[in-house]
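Only one structure is covered here, and it is reproduced in the block below.
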Amino acid sequence: MVQIISIEAAAAMVKEGMRIMVPGFLAVGTAEKLVDALVAANTGNLTLIAISTAYEGKGSGKLVVNKQVKKAIVSYIGANPESGRQFAAGELEVEFVPQGTLVERIRCGGMGLGGVLTPTGVGTEVEAHKEKIEIDGRTYLLEKRLRADVAFLKAKKADKAGNLVFHRAARNINPIMGPAADITIVQADEIVEIGMLDPDEVMMPGIFVDYLVQG
């Protein structure tokens with residue numbers, strides 16, 4: 001069985017300077033209660049790995065507003081004006097990654113792969129400082145894998161073995177980030193006994209989950 005802990009205990013697992021993954025494009029599928037607890041803990045100097053920096057008052061954007069993030073590895077910051085302000089002022093380092101490439105880098109991190117070859121970004125600023133490899137006459141960029149120290153996931157339902165069911169669009173990145181962190185913590189709307197989930201509805205197996213919190 002996976003250990004069920006308090007939200008405060010979960011947030012305390014994130015230490016100064018860690019890399020943290022927070023799922024959810026524009027906060028859809030984000031573990032808001034875990035993010036709020038991390039904001040309350042005020043743990044800083046973090047590297048945020050996310051699809052976007054969400055909004056100023058929602059999702060991972062709250063960490064940016066509270067100036068807990070030193071670097072964001074993301075595809076999009078446009079919906080969060082504070083992210084743009086900090087970036088322009090040199091207060092926040094942003095590594096922009098094409099969204100499909102970002103997802104593949106995270107997937108590689110979870111599956112034990114070193115990286116992915118992609119033509120996306122060839123001939124643009126994206127290719128700066130990256131190794132280029134030619135295959136069958138076409139040039140590809142080597143995009144290295146991404147892993148995190150901690151991932152905060154959001155599930156609709158979990159059993160006590162950590163098997164997860166996600167709600168609609170929350171399925172897009174949550175199950176990709178789960179295997180790509182050293183510690184995976186899941187905020188679940190509902191936690192049920194083992195055997196109460198139909199195996200056909202499980203979207204991420206519990207082998208990738210370390211802790212559950214009731215959300």
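Can you tell me how much longer the chain between Leu142 and Ala40 gets when fully stretched, taken as 0.36 nm per residue apart minus their C-alpha distance, in nm with one decimal?
Extra length from Leu142 to Ala40 when fully extended: 32.9 nm.
Once the other residues with Cβ under 12 Å from the Cβ of Gly17 are scored (Lys, Arg +1; Asp, Glu -1), what is the net sum?
In short, +2.
Which residue, Asn66, Asn174, Asn163, has the most motion in a Gaussian network model of the chain that connects Cα atoms within less than 10 Å?
Its mean-square fluctuation being the largest, the pick is Asn66.
When a/c is below 1.5 the answer is rounded, else prolate if a/b is larger than b/c, else oblate, so apply that to segment 1-133 with a ≥ b ≥ c taken from the square roots of the Cα gyration tensor eigenvalues.
Taking the square roots of the gyration eigenvalues as a ≥ b ≥ c, segment 1-133 is oblate.
Pull up the cross-link candidates among the lysines for Lys157, meaning alpha carbon to alpha carbon under 18 Å and not fewer than 8 places away within one chain.
Lys33
Which order do the peptides 67-75, 45-53, 175-183 take when ranked by the mean count of other beta-carbon atoms within 10 Å per residue, highest first?
Order by mean packing, descending: 45-53, 175-183, 67-75.
Using a simple spin-label model with points 7 Å from Cα along the Cα→Cβ vector, what separation in nm is obtained for Ile135 and Lys15?
3.8 nm
Which residue, chosen from Leu197, Ile51, Ile77, occupies the Cα position most advanced towards the positive end of the dipole of the chain, where the dipole is computed from +1 (Lys, Arg) and -1 (Asp, Glu) charges on Cβ about the Cα centre?
The one lying farthest along the dipole's positive direction is Ile77.
Multiply the residue separation of Glu127 and Arg85 by 0.36 nm, subtract the distance between their alpha-carbon atoms, and state the gained length in nm to one decimal.
Length gained, Glu127 through Arg85: 12.6 nm.
With +1 on the Cβ of every Lys and Arg and -1 on the Cβ of every Asp and Glu, and nothing else charged, how large is the dipole of the chain about its Cα centre, in debye rounded to the nearest 20?
Roughly 260 debye, rounded to the nearest 20.
Where a number appears in this text, it was derived from the coordinates with a stated rule and is not lab data. Everything numeric in this text was worked out from a predicted model, so none of it was measured. Quick reminder, even Gly has a Cβ in these numbers, built from the backbone with ideal geometry, and neighbours come from all protein chains shown.
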